[in-house]
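What follows is a set of notes on a single structure, which appears directly below.
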Amino acid sequence: SSLGDVVLGTATFKSLKKHFPHAHIAVLCSRLHCQVIANLEFIDEVIVYDQRVSRVKELLRLQALLRKNLFDIVIDLQNNSCSQLTAFLVFPKKGNGFKRKLGFLLDAGMRFRISKHEGPLESQQRLLALVGISSIEYPELSPGTQARASVEKLLTDQCLAPGERFIGIVVQAS
């Protein structure tokens with residue numbers, strides 16, 4: 001998964017926690033990007049997969065690890081053959097995702113459509129509707145204190161005076 005996918009996925013994770021506050025929200029994320037979501041209060045567990053290991057070997061390791069958790073619901077945001085196979089091999093009570101590629105392995109799914117009028121958050125919103133959630137939260141990142149201190153030092157070193165405003169704008173990602 002790319003960094004943009006991970007950041008945009010926070011909208012779904014946050015929405016799930018808001019609507020199911022007592023649910024244990026576990027996120028499967030690549031080793032490369034897992035630190036980005038490690039400190040978010042609406043994620044209870046980050047399960048790391050290693051892209052450096054052979055895909056078959058890592059899939060078998062993950063399947064054994066994930067099956068121990070007895071997941072009720074799996075929502076596949078990645079929408080590729082590997083993520084769909086992983087979702088299936090976990091044997092959740094209900095697997096949700098798009099009916100594309102190996103999507104037939106999921107219990108509940110919807111047709112994947114490519115549209116210039118539907119962005120990634122709208123696609124995630126359609127998946128959330130499968131579990132009864134009608135609105136999606138905004139993506140959110142919340143850096144830990146160490147990351148915050150690093151950013152403050154970087155900005156100070158780059159001549160941004162304390163109290164001076166810094167604005168970053170991302171029109172749309174993914």
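The values are calculated or read from the model by the stated rules, or taken from the named source; none is laboratory data. Model, not experiment: these values are computed from the prediction. Neighbour counts run over all protein chains shown; Cβ positions are idealised from the backbone, glycine included. These accessible areas exclude ligands, DNA and RNA; they are computed on the full protein's heavy atoms, side chains included. Shrake-Rupley method; radii C 1.70, N 1.55, O 1.52, S 1.80 Å.
Observations on the model:
- Residue that is most open to solvent (accessible area, probe 1.4 Å), among those in the range 1-58 that are within 22 Å of L89 (Cα to Cα) and of a type in the set (G, A, S): S54
- Pairing each residue of the range 108-129 that is over 19 Å from D5 (Cβ atoms) with any residue that is β-branched (V, I, T) and not in a strand (DSSP E or B), provided the two are 6+ apart or on different chains, yields C-beta distances under 9 Å for A108/V131.
- Members of the range 120-171 found to be among the polar types (S, T, N, Q) and farther than 30 Å from G109 by Cα, listed by number: S142, T145, Q146, S150, T156, Q158
- Of residues in the range 113-143 being of a type in the set (K, R) and closer than 18 Å to N96 by Cα, the one most open to solvent (accessible area, probe 1.4 Å): R113
- Filter result for Q146 (in a helix (DSSP H, G or I), open to solvent by 60 Å² or more (accessible area, probe 1.4 Å) and under 19 Å from H33 (Cα atoms)): yes
- Residue in the range 10-28 that is over 20 Å from L127 (Cβ atoms) and not hydroxyl-bearing (S, T, Y) present: yes
- Some residue of the range 74-85 being in a strand (DSSP E or B) and buried (at least 16 other Cβ atoms within 10 Å of the Cβ): yes
- In the range 110-140, residue nearest to I73 (Cα to Cα) [restricted to those that are outside any helix (DSSP H, G or I) and of a type in the set (A, V, I, L, M)]: V131
- Here R113 meets each of (1) closer than 26 Å to C34 by Cβ; (2) within 21 Å of the chain's Cα centre (by Cα); (3) of a type in the set (D, E, K, R) with one exception, condition (1).
- Any hit, the range 41-54, residues being touching a strand residue (DSSP E or B) at 6+ places or on another chain (Cβ under 9 Å), outside any loop (DSSP other than H, G, I, E, B) and aromatic (F, W, Y): yes
- Residue satisfying all of: in the range 120-174; within 14 Å of the chain's Cα centre (by Cα) and acidic (D, E); modelled with the lowest pLDDT among these: E140
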